[in-house]
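The values are calculated or read from the model by the stated rules, or taken from the named source; none is laboratory data. As the structure is a prediction and not an experimental result, all values here were calculated from the model. For neighbour counting, all protein chains shown are included, and Cβ atoms are generated from backbone atoms with ideal geometry for every residue, glycine included. Just the protein is used for accessible areas: all its heavy atoms, side chains included, with ligands, DNA and RNA removed. Shrake-Rupley method; radii C 1.70, N 1.55, O 1.52, S 1.80 Å.
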Amino acid sequence: MYKNLFVPVDGSELSHRAMDGSIGLARQLGASITGFVVEPDLPLSVLSRDAQTATERIKEHESRNESHAKALLEQFEQRAKAAGVPFTASHVTAYSVNQAIMDEAEKAGCDMIVMVTHGRGPVGEFLFGSHTKNIVAHSKLPVLVLH
């Protein structure tokens, strides 16, 4: 049925629930996991008019993103491998987190996206938005939402 689960994580406490929940599901299904981190692009508002300073800020931002994504995905991979679940990792930097998740899930040949929700409620969702809600509404793939 489902052979490759796409699991976006961000390092929050909830993403650890996504790791554990998706690993348990993958074991039951005999599926593999593609772990994914999408890091935000550097906002243009923080760039300097000075080209050298802007370049330095971009390089620092990219370096931090790369380190964070690799560390998080290595942790996810260790958990998956300890449970006997095949694992691959992917990360990108993008302005649109939602679109990056949907694009990369399809690109990786996954057949389900597994996500957690912050459960912020109507006010929190209004202020911060909901990646999960947007992906459920727009994804071509089925989305399993863990609470």
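Just a few scattered comments:
- Using a simple spin-label model with pseudo-atoms 7 Å out from Cα toward Cβ, Asn134 and Thr53 lie 3.0 nm apart.
- Taking amide hydrogens as placed 1.01 Å from N in the peptide plane, the amide H of Leu146 sits under 5 Å from those of Met115, Val116, Thr117, each at least 5 positions away in sequence or on another chain.
- Scanning residues 5 or more positions from Phe87 or on other chains, those with amide H under 5 Å from its amide H are Ile33, with H placed 1.01 Å from N in the peptide plane.
- Our coupling estimate for region 130-143, obtained by passing each phi through the Karplus curve with A = 6.51, B = -1.76, C = 1.60 and θ = phi - 60°, is 9, 4, 4, 4, 5, 6, 4, 6, 10, 6, 7, 8, x, 10 Hz, Gly and Pro reported as x.
- Estimated vicinal HN-Hα couplings, Hz - region 27-34 in sequence order (Karplus 6.51, -1.76, 1.60; Gly, Pro = x): 4, 5, 8, x, 9, 9, 10, 10
- Out-of-range pairs (alpha-carbon distance over 28 Å; input Lys107/Lys133; Lys59/Lys81; Lys81/Lys107; Lys70/Lys107; Lys70/Lys133): Lys59/Lys81
- Going by accessible surface with a 1.4 Å probe and the largest first, Asp20, Asp111 read Asp20, Asp111.
- Our estimate of slack between Glu62 and Ser96, defined as 0.36 nm per intervening residue step minus the Cα-Cα distance, is 10.6 nm.
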